[in-house]
Structures are given as C-alpha cells and as structure tokens.
1. On the given criteria, is residue 284 under 19 Å from the mean Cα position of the chain (by Cα), surrounded by fewer than 17 Cβ atoms within 10 Å (Cβ to Cβ) and either modelled with pLDDT under 95 or within 15 Å of residue 237 (Cβ to Cβ) (or both)?
2. Examine the stretch 249-265 for a residue that is part of a loop (DSSP other than H, G, I, E, B), in contact (Cβ under 8 Å) with a residue 24 or more places away in the chain, surrounded by fewer than 20 Cβ atoms within 10 Å (Cβ to Cβ) and out of contact with any helix residue (DSSP H, G or I) (no Cβ under 7 Å at 6 or more places or on another chain), and state whether such a residue exists.
3. Test residue 325 against the criterion of being under 25 Å from residue 162 (Cα atoms) and modelled with pLDDT under 50, and give yes or no.
4. Is it true that residue 167 is in contact with a strand residue (DSSP E or B) (Cβ under 8 Å, 6 or more places away or on another chain), surrounded by 13 or more Cβ atoms within 10 Å (Cβ to Cβ) and within 25 Å of residue 204 (Cβ to Cβ)?
5. Taking residue 204, is it in a loop (DSSP other than H, G, I, E, B) and within 16 Å of residue 156 (Cα to Cα)?
6. Of all helices (runs of 4 or more DSSP H) completely enclosed by the stretch 40-120, which ones contain at least 3 residues that are more than 23 Å from residue 161 (Cβ to Cβ) and modelled with pLDDT under 95?
7. Scan the stretch 212-233 residue by residue and report those that are in a loop (DSSP other than H, G, I, E, B), within 21 Å of residue 41 (Cβ to Cβ) and in contact (Cβ under 8 Å) with a residue 24 or more places away in the chain.
8. Report, ordered by the first and then the second residue, all pairs with beta carbons closer than 7 Å, sequence separation of six or more or different chains, a first member in the stretch 60-80 that is under 12 Å from residue 279 (Cα atoms) and assigned by TED's automatic domain parsing to the domain that holds residue 119, and a second member that is assigned to a loop (DSSP other than H, G, I, E, B) and at pLDDT 85 or above.
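The values are calculated or read from the model by the stated rules, or taken from the named source; none is laboratory data. These numbers come from a predicted model, not from an experiment. Every residue, glycine as well, gets a Cβ built from its backbone with ideal geometry; the counts of neighbours run over all protein chains shown.
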C-alpha cells in the first residue's frame, strides 16, 4: 500500500479525475501559483509517493497540533494528511513508550535522507538540555538525531520558528529556535501561535509536489503566506485610511467595525495570511472578532510591548519586520482625518488642490 503513488491511492478511495484536478487547482491557489501550474501539479502529484513525516513536539502547548486537527473536511488538509505517512507524533500516534520510539527509529532508518521532519516547540539549552526530555532523551539530542537524516525541516509555530513564549524574558530554560541549532538542513518556518492549518499543509503540499521547499522570506517563512502584512489584507484598512479608530472595545467605533490600531493592533508590523485564510472553516479571525492582531507570527512578539498599546515610532523589538510604511500610513490617516474636519468647516477649501505636504502642515 505504501508503494502506491498518490494518484493510485486517490483512485482507490473513489476520487474522480475531476475531483483530483479541483484539488490541484485548490493547491495552486493555496500556494499562490498561477493557473498554468495546475497541470504540472497534477502530473507531479499523480506520481508522488507517500512521504514519511516525523513530528517532534518539544517546549510547546500542543496548540499547533490542535490547530491542525481543527481543519475541516472534506478539505485540502485532510486529503494531504491521508496521503503522507505520519510515522511519529507524540499526540496523535497510537503507540506509546518503547513502541513509539521504535516506530520513530524504524521510520528514520527506512527513509533516511528522504523524510520530512516537523518540529513544534522551542528547544531548551539550560541545565544541559535537561529541562525537557522524551523517553530519556533531551529535546536537544533528539532534534540533532532526527535532523541528521531529514530531507528538510518544517518549524511549525512561533516557538519552533523563533523561540516563542519559552524564549520570552527572562527565558529561564535558555530556550532557542530550531534554526539556532540546525544549520545544515533546509528549514522553513511556519510561525503563528498557533499557525494556520492551511499554511502548514500548503508547505507540505509544495514539498510533495516539487520535492523542495517554497520560496522563503528573510525570516524563513513561505512568501505565499507571509508576503504581505495583516494590515495590507485587513478589511478594516479603509477605516484606518480615513482615520476612523475604535477608542475602546465597546465604543461606537468598535461596534461599527472601525480600525483597532489605537487598541494595540500589530497588523502593520505582522506578516501572515490570517485575514484571507481565516479560521474555523474560513468563518472568522481575531480582528474580525473584535480583537487586534498581537503579532504572534513575528520573532519575540511576547517581549515587543503591550498587546493593548498602539504602535509607536520607533517601535522596538518587533524583529526584522518593522514596516516603516505602517507608521507613515498612520500619519497620513491622521492627517486625512484633520483635513476632512477642516474641509467641512470651510466649504471653500478645494480637496483636489491639497497636497501631502499641506496635509502634514495642517496635522
């Protein structure tokens, strides 16, 4: 059964060619690929073999796995995970104790150099790595052992990608990210606290299709999902541009869906696909539910300042993704609000002759 290609396995399950092509089209869309790539994806997936995946969980809260298991069905997530061999996963595996560790060792030996290693949770270096251990093996030693034979590594969640909560000051366990330890393997970061399920599976789909990781940004994240800021994609952006901000979580502005920037939203400095992918079958996401973005897909977001204080200039410790245009946009939005009030008070003012320079002076 494991020798069957993905196409053969799908046909065994009664998936029609039309259904398969819909899946390929959805995969292309999910990975931000042009329609011309759909036939190539179909050809690659038709012949693709079921890859072995070893999933390690270290200093984490299991939120990343919980997020993944909340994927709806029928779904791209379910289709992909039906066709990978998830050979080791602390939470989802049936085996336990020695049997679980034997399964991991056997999967590594049988697929040496070809398996995907997925890691969630940070790795503690303090006390010689003994703050966290599995089957008597420290997280540090297990990561090094499993990474040696991996084709690539997917760091799932902000803890694995950047250290996350365990690394927050004062970092009592001396926690670090996967990339701080492993430097000789391809690594893709899928941050988020927790990450979006379709982002995780989109990376796996890309690897399954093309045999390589997707294009990454400067922080090791797939550009298809992290290429734009939350602010860029947010449906509240027009209110921001008009200078309409909620001042409290229960005022008139909040009830009207105005921008949450003044309540601490970190959308301008945070890159992720939350606004488009959303959660719970695409039902909603935090900003739509009335809470500002807390920047959870950025490095050191726990130490970046209050979640409920508006971004300031300069804003420190947000990692390398500080967006100058975000603060500039706030200045323009505030200036526009002042200008609108003055225009109503003085009907003779001609809007089309107002320049950005004029706006700055008036604000």
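1. For residue 284, the condition - under 19 Å from the mean Cα position of the chain (by Cα), surrounded by fewer than 17 Cβ atoms within 10 Å (Cβ to Cβ) and either modelled with pLDDT under 95 or within 15 Å of residue 237 (Cβ to Cβ) (or both) - is met.
2. The answer is yes, given that some residue of the stretch 249-265 is part of a loop (DSSP other than H, G, I, E, B), in contact (Cβ under 8 Å) with a residue 24 or more places away in the chain, surrounded by fewer than 20 Cβ atoms within 10 Å (Cβ to Cβ) and out of contact with any helix residue (DSSP H, G or I) (no Cβ under 7 Å at 6 or more places or on another chain).
3. yes
4. no
5. No; evaluated as a whole, the condition is false for this residue.
6. 97-110
7. 212, 213, 214, 227
8. Short answer, once both residue conditions are applied: 67/194; 67/195.
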